[in-house]
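The structure under discussion appears below in the form of structure tokens.
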Amino acid sequence: MSAAESKNLDPKAPPPPAPPPDLLRGKAALVTGAGSGLGRGIAEGLARAGARVALVDIDLEALGETGAAIARTAGADACLAVKADVTDETQVAGAFRQAVDAFGGLDLCVPAAGIAPAFPLVDFPVGPWRQALEINLTGYFLAAREAARVMIRQGRGGSIILVASKSGLEASKANSAYNATKAGEIHLARGWALELGPAGIRVNAVAPGNVFKGSKIWNEEYIKTCARKRGIRPEEVIPYYVGLTALGLEIQPEDVANVVAWLASDFARTITGQVIVCDAGQVCVR
């Protein structure tokens, strides 16, 4: 079973509910990594909740697919596709300018672009290590910095939600770059929450568990690597990881999108500097 083909293992389990369509009505959001995986799922969820969403990714074709999906459910004017490299500060600044020009402002930023090169420490090449630092940390820094600049100028507050991982709280084996960068993202969110609070800007992180559906990270090669690491067959990888959760439930992109939409809403107006773990009970925050 490939990541793209993955479905909830329990055929009787209900699908994740959709957020209220007016939860984020009138809000403007920007999501990086919106071409696939969690970035796409979150962008679609924010649009379903009523937000207009700037979709940022380096893959223009993938952006088109996300935009088409949003157009079918929320209308063509609900999103804007912007091709940009999240590690390039000029391109990131340009993406934010396009979003503000199109939507008249910005209320929410969700950095979600990321990679997960998996190697044992003794075999870890420095190239993938540095690339992970650039995308997973510098990319988040550049997006959050630009969002903060825009929101401070607007003077009406806002929300920045970093897509971290349960691996930022409880490290996984042979995953040095991902562990380090996801832990770093969580601490960035905490520091930025203290710094930006006086401007009314809330900064939080979500720490999803393993989300297989539509993921570029959980590709065929990555699944094979995980199988070798666990001593199981590739087709057993997804059931194995689902079995680690307290609920025995496979997490869908929509589950994470719902958490992000709620965090971005006024229902969470007193929440900042926090990590919301949406992993069906695999990691307990201590």
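Every number here is computed from the coordinates shown, using simple stated rules; none is lab data. For clarity, every value in this text was computed on a predicted model and none was experimentally measured. Positions of Cβ are generated from backbone atoms using ideal geometry, with glycine treated the same way; all protein chains shown enter the neighbour counts.
For the range 240-286, the tally of residues that are surrounded by 14 or more Cβ atoms within 10 Å (Cβ to Cβ), assigned to a helix (DSSP H, G or I) and of a type outside the set (Asp, Glu) stands at 14. It is to be established whether one or more residues within the range 41-60 are part of a helix (DSSP H, G or I) and over 30 Å from Leu247 (Cα atoms). Within the range 41-60, one or more residues are part of a helix (DSSP H, G or I) and over 30 Å from Leu247 (Cα atoms).
Evaluated against (1) touching a residue at least 60 places away in the same chain (Cβ under 8 Å); (2) within 21 Å of Gly41 (Cβ to Cβ), Arg190 falls short on exactly one condition, (2).
For the range 76-98: of the residues being assigned to a strand (DSSP E or B) and not aliphatic (A, V, I, L, M), which is surrounded by the fewest Cβ atoms within 10 Å (Cβ to Cβ)? Walk me through it before giving the result.
So the first thing to find is which residues in the range 76-98 are assigned to a strand (DSSP E or B), and the list is 79-83.
Checking the rest, the ones that are also not aliphatic (A, V, I, L, M) come to 79, 83.
On the way: Cys79: 28, Lys83: 17.
Applying the filter and picking the extreme gives Lys83.
Among the conditions (1) closer than 26 Å to Pro253 by Cα; (2) surrounded by 18 or more Cβ atoms within 10 Å (Cβ to Cβ), the only one that Val150 does not satisfy is (1). If you go through the range 129-147 and keep only what is surrounded by fewer than 22 Cβ atoms within 10 Å (Cβ to Cβ) and either in contact with a His (Cβ under 8 Å, 6 or more places away or on another chain) or of a type in the set (S, T, N, Q) (or both), you end up with Gln131, Thr138.
Here the range 153-178 is the region considered, the condition is being outside any loop (DSSP other than H, G, I, E, B) and of a type in the set (A, V, I, L, M), and the residue that is surrounded by the fewest Cβ atoms within 10 Å (Cβ to Cβ) is Ala177.
Kindly indicate whether Gly104 is more than 22 Å from Cys278 (Cβ to Cβ), in contact (Cβ under 8 Å) with a residue 24 or more places away in the chain and of a type outside the set (Lys, Arg). Yes. When Ala143 is tested against (1) part of a helix (DSSP H, G or I); (2) more than 18 Å from the chain's Cα centre (by Cα); (3) within 20 Å of Ala28 (Cα to Cα), exactly one condition is not met: (2). Answer yes if at least one residue in the range 120-128 is outside any helix (DSSP H, G or I), surrounded by fewer than 21 Cβ atoms within 10 Å (Cβ to Cβ) and within 22 Å of the chain's Cα centre (by Cα), and no otherwise. Checking the range 120-128: not a single residue is outside any helix (DSSP H, G or I), surrounded by fewer than 21 Cβ atoms within 10 Å (Cβ to Cβ) and within 22 Å of the chain's Cα centre (by Cα). Looking at the range 221-232, can you tell me whether even one residue there is closer than 26 Å to Ile160 by Cβ and crowded, with 16+ Cβ neighbours inside 10 Å? Looking through the range 221-232, none of the residues is closer than 26 Å to Ile160 by Cβ and crowded, with 16+ Cβ neighbours inside 10 Å.
Once the range 140-180 is narrowed to residues that are out of contact with any Phe, Trp or Tyr (no Cβ under 9 Å at 6 or more places or on another chain) and of a type in the set (Val, Ile, Thr), the residue that is farthest from Gly39 (Cα to Cα) is Ile152.
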